[in-house]
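See below for the structure under consideration.
Only the coordinates and a few stated rules stand behind these numbers; no lab work does. The shown structure was predicted, so the numbers you read here are calculated from the model rather than taken from an experiment. For neighbour counting, all protein chains shown are included, and Cβ atoms are generated from backbone atoms with ideal geometry for every residue, glycine included.
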Amino acid sequence: MLTYFPDRKFYRYLLPVVGYLLLLNFGLPNPASAQKKVNIQSADEVIGVTVEGEKVRKLIGDVHLRSKKLDMFCDSAYQYLNRSLIRAFGNIEINTQDENIWADTLNYYTEKDLSQFRGRVIVENDSTTLFGHHVDYQFNQKIAHFLDHLRLEDQKGTLTAQSGYYFQKRDSAIFRGKVQLADSLQYLEGDSLFMNRKEEHYKMYSGVYARDGKNDLILTGDYMEADSTGRRVLENNAYLQKFKSDTTDTTHMWAQRIVFTKKDTLSHIEAYQNVKIWSPKFSAVADTAIYDEAEDLFTLISKPIAWHKNIQLTGPVIKVYLKDNEVDHLVSYPSPISVEKDTVSGRFNQIKGDTITTNFSKGSIDKIYVRQNSHMLYNSKNEQGKADGAVEVQAVSTRIYFKEGSINEVKSLHSINGSYFPESESLKDKKLEGFKWNPEARPQKPKSERTPRWAPIPEERPFTLPERYISSHPQRDHPPKEKIEK
């Protein structure tokens, strides 16, 4: 059951339902009943009978009834003379200017203009075909209430749900229970859906899962909103998985809110609150993260931490530039600190300054440029590769060049102040001001891929199609006979 509504727009969907329920209870004003007169156009046999004490006109064989707005065809019908009710049986078809409906049985309350279709029910208009077993339809308002499982088909794909309302005039709908949508490129599921197809605006609640083949995405969360531009908004337990051309190179993102949009053909992703990112090349946490595919750039804001291999970078703003699925360079400012755990000594190499730029080549560090207030603590090694003390250098700026992952050359400029510390046990406790090391916060690759909760939507319709439906669609809109029987 839906327990909350995120905004007032919900009531735009709710009001037609309230109106429909009022029609069910009270019907239309009496002056309109004159417009609901139903005439007998033809029948093989007409008999006056009494059914449970009521006078009934019984129509048998090739029945055709007509009112001002519809034509009804069926095998037989009961017309109750003392109340506004027609009951129709067998091979029913109703045609109006806006829709065609097929069913096995029907109770048609002419004064209320309400029809209760049962059995194999199909509601069809120019753009949509709906299938159900228990459908209440209000012709004047063009509202269909599917009391149990339904299936909707149009040129864009197929939808199924356990119940729902379809508002034909507004081309909008409310669906509840095990809602699934699918087309050739996308699949979406959740516990309830509110949609306006005319405006191409969709809202899905609870247990949302979406796979978007067009944009190479998997999305999950408690709520998702989408529109015709390709914009997707995920809220509460939001998760996004972004694939690239090589499906082994996948980015995972978690947050309270994720917004996915397109700029031309390129993706733009914004994530807010408790953001976590994992990819094969780096991982990160932050309060806000923005990805711009045009620059292949992640911008991390507000308490961000980024990890690459055994390096941790902390700073108010961190920018991660990617190139050819590799980290190209990192930029952090103001006053960031970079910490690397030395694989030999277990101690920490530390660099801080006003701005740190780290460049990579083929996945390994190539050079580091520290601008303004450069401060470095580096654990050195002897010729045998064993720990051999530490060096601390302060300067206006520093450039550090690497070879095969190890420091090859250091160039510090202006106001240089350096110290060497002989090898000792106390070096393990030496930290620069602002030191941070948080391996427990580092996001990990998910152990398994997010998958749908439910089996795919069946290709087959939910029942064998009525004879009148098949005869009116001889070459289209229904499966071949062998598929129907399956």
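The table that follows gives values for the structure above.
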quantity	calculated
Members of region 160-174 found to be closer than 21 Å to GLY119 by Cβ and in a strand (DSSP E or B), listed by number	THR160, ALA161, SER163, GLY164, TYR165, TYR166
Complete set of residues in region 368-395 that are buried (at least 19 other Cβ atoms within 10 Å of the Cβ) and not in a strand (DSSP E or B)	none
Residue that is surrounded by the fewest Cβ atoms within 10 Å (Cβ to Cβ), among those in region 137-165 that are aliphatic (A, V, I, L, M) and under 20 Å from the mean Cα position of the chain (by Cα)	LEU152
Lone unmet requirement of (1) surrounded by fewer than 19 Cβ atoms within 10 Å (Cβ to Cβ); (2) in contact (Cβ under 8 Å) with a residue 60 or more places away in the chain; (3) touching a His at 6+ places or on another chain (Cβ under 7 Å) for LYS352	(1)
Search result, residues across region 111-127 that are in contact (Cβ under 8 Å) with a residue 40 or more places away in the chain and either among the aliphatic types (A, V, I, L, M) or not in a strand (DSSP E or B) (or both)	GLU111, LYS112, ASP113, LEU114, ILE122, VAL123, ASN125, SER127
Any hit, region 105-117, residues being among the charged types (D, E, K, R) and surrounded by 18 or more Cβ atoms within 10 Å (Cβ to Cβ)	yes
Subset of region 200-257 [surrounded by fewer than 22 Cβ atoms within 10 Å (Cβ to Cβ) and basic (Lys, Arg)]	ARG211, LYS214, ARG231, LYS242, LYS244, ARG257
Checklist (1) under 30 Å from GLU124 (Cα atoms); (2) of a type outside the set (Phe, Trp, Tyr); (3) surrounded by 11 or more Cβ atoms within 10 Å (Cβ to Cβ) applied to PRO474, failing item	(3)
Cβ-Cβ under 7 Å pairs, at least 6 apart or on other chains, region 437-463 side touching a residue at least 40 places away in the same chain (Cβ under 8 Å) and more than 22 Å from ASP249 (Cα to Cα), far side among the acidic types (Asp, Glu) and surrounded by 14 or more Cβ atoms within 10 Å (Cβ to Cβ)	ARG453/GLU189; TRP454/GLU189
Filter result (farther than 17 Å from VAL339 by Cβ and either aliphatic (A, V, I, L, M) or surrounded by 12 or more Cβ atoms within 10 Å (Cβ to Cβ) (or both)) within region 412-449	SER412, LEU413, ILE416, GLY418, PHE421, GLU423, PRO443, PRO446
Residues (more than 15 Å from TYR369 (Cβ to Cβ) and among the aromatic types (Phe, Trp, Tyr)) located in region 328-352	PHE348
